[in-house]
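Below: the structure, in C-alpha cells.
Only the coordinates and a few stated rules stand behind these numbers; no lab work does. Given the structure is predicted, the values throughout are model-derived calculations rather than measurements. Every residue, glycine as well, gets a Cβ built from its backbone with ideal geometry; the counts of neighbours run over all protein chains shown.
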C-alpha cells in the first residue's frame, strides 16, 4: 500500500462540475476500503492509501466519478515521496505568501516555448519547469497575469491541474499527521 496525493482537475470551479468532498471521500472508501481518504478544500485534493499504479488508480477514480456524477475529470495520483519532493523543490519557496505561486501539475510532459513565455511574462514574474510540474510566480496576482492567462500556449497545451503554494504546503502538513 502506498500513500498518495490525488488531484482532480476542474471540479467545483465557478459553480461548475460540482462534486461534494464528502461524496468524493465516500467514493474513495468504496473503491479502496482501507484508504482512509481525507480531503482539503472543495477543489479536489485527496490524501489516501491504496495499492496500485498511479495511472491505474487515476483511471479507476476517473471512471467512478464519471459513472456516479456524470463528470469527466482528469485525475492525477502523485506518490507521497514525489509530492513532498516537488513541494520542497519549489523554486519560489522564499515567498511567504504562497497564493502568488502556483504549481501546475501536468498530465503529459510540458515543453516551455521561450518566445511565447517572453511575449507574456512581465517583470517580477517567474516560470520554472521541474519535470511534470511548471511553477508560476505571479507577484501581482494570478488574475492579473497575462502569462497565467496564456500558459497553455507557453507549455505546449498540455492538460494541467494547478494548486497555489499555500494549498500544496497544507497538503504536506496533512501528510505529516
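State whether the chain is rounded, prolate or oblate according to the following rule on the C-alpha gyration tensor (a ≥ b ≥ c being the square roots of its eigenvalues): a/c under 1.5 gives rounded; otherwise a/b larger than b/c gives prolate, and the remaining case gives oblate.
prolate
Per DSSP H run of at least 4 residues, take -39500 (n - 2.57); add these up for the chain, divide by its residues and hand me the 222 nm value, nearest 500 deg cm²/dmol.
Theoretical 222 nm ellipticity from helices: -10000 deg cm²/dmol.
Extending 7 Å from Cα along the Cβ direction at residue 38 and again at residue 177 yields two label points whose distance is 0.5 nm. According to the square roots a ≥ b ≥ c of the eigenvalues of the Cα gyration tensor, what is the shape class of region 2-82, taking rounded for a/c under 1.5, prolate for a/b larger than b/c otherwise, and oblate for the remainder? Note, shape of region 2-82 comes out prolate.
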